[in-house]
Amino acid sequence: QMGLAENQLSVDSIIDWIEKHPEASICNPEGVHMFKDIANFQDYHGLPEFRQAIAKFMGRVRGGRVAFDPDRIVMSGGATGANELIMFCLADPGDAFLVPSPYYPAFYRDLGWRTGVQIVPVDCDSSNNFQITKGALEAAYDKAQQNGINVKGLIITNPSNPLGTTLDRETLKSLLSFINEKNIHIVCDEIYAATIFGSENFVSISEVVEEVMDCNRDLIHIVYSLSKDMGLPGFRVGIVYSYNDAVVNCGRKMSSFGLVSSQTQYLLASMLSDEEFVEDFLAGSSKRLKKRHGVFTKGLEQIGISCLESKAGLFVWMNLRHLLKEQTNDGEMALWRVIVNDVKLNVSPGSSFHCVEPGWFSVSS
C-alpha cells in the first residue's frame, strides 16, 4: 500500500509516552477516577484544556511565531469533517471554490457531497513546478464567472498534498491580495504543517495575516488535524480555526454532529501539554521523515525516476512520463494498471489529483 499517506514513523514515541503516563487514560487504574466526569456530556465547545493544548500545539508546530486563540478552536471528526463543516458555514449549494491542481482527490467528497459546493480547478503545471500564480487564479475565476458560477472562495493545501511543496511568504501574500480584491474566502488546509523535513521553515497563513494590515480577517480560515502531524488518523481529531466570529459560532453549533470523543480530548490534552514530549516528538519526526524521504527518492533516482523536489508531507510526486506508451490520461491509466496488477503496488495516478499533465504519480514514502 503506497497510495495512503499514513505517518507511522513515530508511533513508538507516542506509545512510550502513554506507557509513562497511564493517568492520562480514564481506562487505566491511575486515571479511572475521572471516568464518570469524562464519560458524561461535555460542552460542545470541547474540553477547555483540550482547546488550550491544541492552540498551543498549533503555535509550536509553526515555530512559535504566531499564537492561536483557544476560543477560535472548533472541533470536527478529522480533516474530512472539518472541510465539510467550513463549507456548510461559508457556501450555499451551487457555490464554488477555486482549488489549485493537482489537489487531494477526496476534496470532491469532503467539500461537495452533502453541501452541494462545486470545485473549480486552477490549472498548474510542471513549467514552474506546479506553483500557484495569480494569472492562473484570475483565469479560473473569470471562466467561472462567465459560466454563471458564484465563486465563494479559494482552498489551498500548504504543505501540498500531493506535491509535498510549501508556499513561500510572498505567494501567500499574493493569495491574500487576490481574495481581498474579489471579496472571497480563503481556506488553508495545513494538516501537514509538522511534516516538514527541509531546511526552510513552514510559513503558515496565520503568520502572513499578522503582517498584512489591510487584510479582511473575516475571509480567512484554517483547517488542521492531528492525523498526519501526529500520525493519529483513527482519533478523528479535526480542527477549524477561523478569524471570523460568525463562522466560529456557526461551526460550534454544527460541530455537535462530529465531535471528538471526550476520552480522546482528555488523553491528548495531557500529551500535548507536555512541552518536553512535544519538542522531542516534532524534532524526531522531522528527522525520520527526512531519512525516509531521502532513501526513497535516492532509490528512485538510481533506476532513472525523477521526482518533484519537496520538503514536506508523507509522499513524493513521481514523474513516470517517459514510461507512458502515449502521453494521455488513457496512457497514464494503462501504466497504473500495470503497477497495481503486475507489480502489486498501490500508487495514485496524477489524473486522480486533477493533474493537467499525464504521467505524474503520487506515492507514499
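Summary table
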quantity: All Cα pairs of region 263-340, percent lying beyond 17 Å; calculated: 64
quantity: Alpha-carbon centroid distance for the pair region 13-92 / region 233-303, whole angstrom; calculated: 10
quantity: With 10 Å bins from 0: P(r) over region 162-257, alpha-carbon pairs, percent; calculated: 14, 42, 34, 10, 0
quantity: Check: the chain dipole with +1 on Lys, Arg Cβ and -1 on Asp, Glu Cβ, in debye; calculated: 560
quantity: Debye intensity ratio I(q)/I(0), log10, region 101-249, q values 0.14, 0.18 Å⁻¹ (C-alpha model); calculated: -0.72, -1.26
quantity: Cα gyration tensor, region 61-135 - rounded (a/c under 1.5), prolate or oblate; calculated: oblate
quantity: Accessible carbon and sulfur surface of region 284-347 relative to its total accessible area, %, 1.4 Å; calculated: 54
quantity: Anisotropy class of region 320-365 from Cα gyration tensor, a/c 1.5 cut; calculated: oblate
quantity: For region 132-151 versus region 164-232, the gap between their alpha-carbon centres in whole angstrom; calculated: 21
quantity: Across 228/287; 290/344; 228/290, pairs whose alpha-carbon gap is larger than 20 Å; calculated: 290/344
quantity: Volume of the Cα convex hull of region 1-149, divided per residue and given in Å³; calculated: 197
quantity: Per-peptide average of other Cβ atoms within 10 Å, ordering 231-238, 344-351, 312-319 highest first; calculated: 312-319, 231-238, 344-351
quantity: Volume per residue that the Cα convex hull of region 206-252 spans, once the total is divided by residue count, Å³; calculated: 70
quantity: Relative contact order computed over region 13-276 (Cα-Cα under 8 Å; 6+ residues apart), in percent; calculated: 27
quantity: Cα gyration tensor category, rounded, prolate or oblate, for region 214-365 with a/c compared to 1.5; calculated: prolate
quantity: Choice from 212, 187, 203 showing the highest fluctuation, given a GNM over the chain with Cα pairs closer than 10 Å; calculated: 212
quantity: 1.4 Å probe accessible area per residue over the chain, in Å²; calculated: 45
quantity: Theoretical ellipticity at 222 nm over the chain - DSSP helices of four or more residues, -39500 (n - 2.57) apiece, nearest 500; calculated: -11500 deg cm²/dmol
quantity: Region 1-83, relative contact order [Cα under 8 Å, separation at least 6], %; calculated: 15
quantity: Charge dipole of the chain about the Cα centre (unit charges at C-beta), most positive-ward option of 347, 55, 232; calculated: 347
quantity: Dimensionless Rg over Rh [the chain; C-alpha; Kirkwood]; calculated: 0.97
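The values are calculated or read from the model by the stated rules, or taken from the named source; none is laboratory data. Treat the numbers as computed from the prediction; the structure is a model and nothing was measured. Cβ sites come from the backbone with ideal geometry, for glycine too, and all protein chains shown count toward neighbours. Surface areas here come from the heavy atoms of the whole protein model, side chains and all, with no ligands, DNA or RNA. Shrake-Rupley method; radii C 1.70, N 1.55, O 1.52, S 1.80 Å.
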